[in-house]
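Here's the structure we're looking at; comments come further down.
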Amino acid sequence: MTRSVYSHRDQWRGVASPEYYAVEFERVEEDVQKFWIELRHLLSGTTTMAGSGGIEGLVKNAGGRPGDEARYFYLAEMETFPYGFDATEELSGFSCPLAPTESRDPRSLFLEFEDKPPYVPHIAEGTNCTAEIEGKFYLDYVSKNPERRYSLIHGVGLSRQDVERLKDLDVTLIWSPRSNVVLYGTTVDIPNALRAGARVAISTDWSYSGSYNLLEEFRCAEHIDNAKWDDHLSGSDYWRMATEHAAYSLDVEKLTGKLEQGFAADIMIFRKRTNAPFKDLISSEVSDVIATFVEGELLSGYSNSFDPSHLPAQCSHRIGQHFICVDYAKYPSFNHEELLSSNKNAVPLFSPDRQASCE
């Protein structure tokens, strides 16, 4: 594990204290940028992305705010700042250890809705007292309001007692190992969480500190597992985290996340190299992904694995050794050539170049 850089996300965001280096980043505003981000994940086999923003026609988007629900395939409340933009200040009146009666509810924009979507906030993102307080307060809130599906992203600062509450409260822990290690020098003790019965999903977080795609995240998770936990986790564990458990976290486990009759045909086909497919998965790269289907529709593929004469016209768009199936008439602000030229300096589609370390 690397030496911890920050003890709470407020520090790298520049709102906690001036002695910490604030990470500078640009927000994604243009459709051509959003398309590129989703394409990067699609090419690696991703079929659904949960987060703020999104663009129609590639992966399925999970997210939403009151009033813009129609933009998303699956509605979910993805709350980045459940305890305010400056949680350090918001929670400064509390100290560790907390008294059992102390409590503060997280922010939610769907409280007045009769059918509340799943709540998926960033919680306990750090290692200090503020992070631990977030974890306890959030789980206290869940215990008092059991009428919706709950998850939490990161959970690095969860106390051992709160990790043990996850199973009984039916809260999915969403693990982002690379981002955790880069920013905080450590990550959640996943074997301990699993022994406590917690359901664990896996996700990439953002590209500044996280993995460029889920294949890279699997490799990072495996590296940490081998270094810290004596190879406790397996390829099948990572696969379930990314499929079945991720679907459960979004309350869509009866719609997708499994290859079963009646489920959405969200399918990733990757190259077979041995008779151990889940072990192959850990070492797979984007070039090993033969095809990605979303809702039964082919959206990307490895060109050498297909006869182009058998592909529909919208699959004629080439990027490197891959093709994508896109009707650019749906995107009036850019075409295929403009997609490529506008993203020359963006995170690459096929290479981990400039990706954050997992050490």
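The values are calculated or read from the model by the stated rules, or taken from the named source; none is laboratory data. All values reported here derive from a predicted model rather than from experimental measurement. Note: ideal-geometry Cβ built from the backbone for every residue, glycine included; neighbour counts use all protein chains shown.
Taking region 24-63 as the range and being touching a residue at least 40 places away in the same chain (Cβ under 8 Å), assigned to a strand (DSSP E or B) and either acidic (Asp, Glu) or closer than 18 Å to Asp327 by Cβ (or both) as the test, only Lys60 passes. For region 245-260, the condition holds for at least one residue, the condition being that it is in contact (Cβ under 8 Å) with a residue 24 or more places away in the chain, β-branched (Val, Ile, Thr) and not in a strand (DSSP E or B).
Somewhere in region 241-251, is a residue touching a helix residue (DSSP H, G or I) at 6+ places or on another chain (Cβ under 7 Å) and within 26 Å of Val142 (Cβ to Cβ)? Talk me through it step by step, then tell me what you get.
So the first thing to find is which residues in region 241-251 are touching a helix residue (DSSP H, G or I) at 6+ places or on another chain (Cβ under 7 Å), and the list is 242.
In the following step, the residues that additionally are within 26 Å of Val142 (Cβ to Cβ) were identified as 242.
Within region 241-251, one or more residues are touching a helix residue (DSSP H, G or I) at 6+ places or on another chain (Cβ under 7 Å) and within 26 Å of Val142 (Cβ to Cβ).
Checked against (1) surrounded by 21 or more Cβ atoms within 10 Å (Cβ to Cβ); (2) part of a loop (DSSP other than H, G, I, E, B); (3) of a type outside the set (A, V, I, L, M), Tyr238 passes all but condition (2).
Taking region 215-262, which residues are of a type in the set (Phe, Trp, Tyr) and touching a strand residue (DSSP E or B) at 6+ places or on another chain (Cβ under 9 Å)? Don't jump to the end; show me each part of the working.
First pass over region 215-262, keeping only residues of a type in the set (Phe, Trp, Tyr): 218, 229, 238-239, 248.
Correct list: Phe218, Tyr238, Tyr248.
Filtering region 164-181 to residues that are assigned to a helix (DSSP H, G or I) and crowded, with 24+ Cβ neighbours inside 10 Å leaves Leu166, Pro177, Arg178, Ser179, Asn180, Val181. The residue list Ser203, Ser207 contains one member that is among the hydroxyl-bearing types (Ser, Thr, Tyr) and either touching a Lys or Arg at 6+ places or on another chain (Cβ under 7 Å) or buried (at least 20 other Cβ atoms within 10 Å of the Cβ) (or both), which is Ser203.
Scanning region 285-318 for residues that are aromatic (Phe, Trp, Tyr) and either exposed (fewer than 14 other Cβ atoms within 10 Å of the Cβ) or touching a residue at least 40 places away in the same chain (Cβ under 8 Å) (or both) gives a single hit, Phe293.
Contact map, region 132-155: residues that are more than 22 Å from Ser92 (Cβ to Cβ) paired with residues that are among the charged types (D, E, K, R) and in a helix (DSSP H, G or I), Cβ distance under 9 Å, separation 6+ or inter-chain. Pairs shown: Ser143/Asp168. Checking each residue in region 112-152 for being in a loop (DSSP other than H, G, I, E, B) and under 20 Å from Tyr184 (Cβ atoms) picks out Ala124, Glu125, Thr127, Asn128.
Scanning for something surrounded by fewer than 23 Cβ atoms within 10 Å (Cβ to Cβ) and at pLDDT below 95, does region 147-157 turn up at least one residue? Yes, the conditions are met somewhere in region 147-157.
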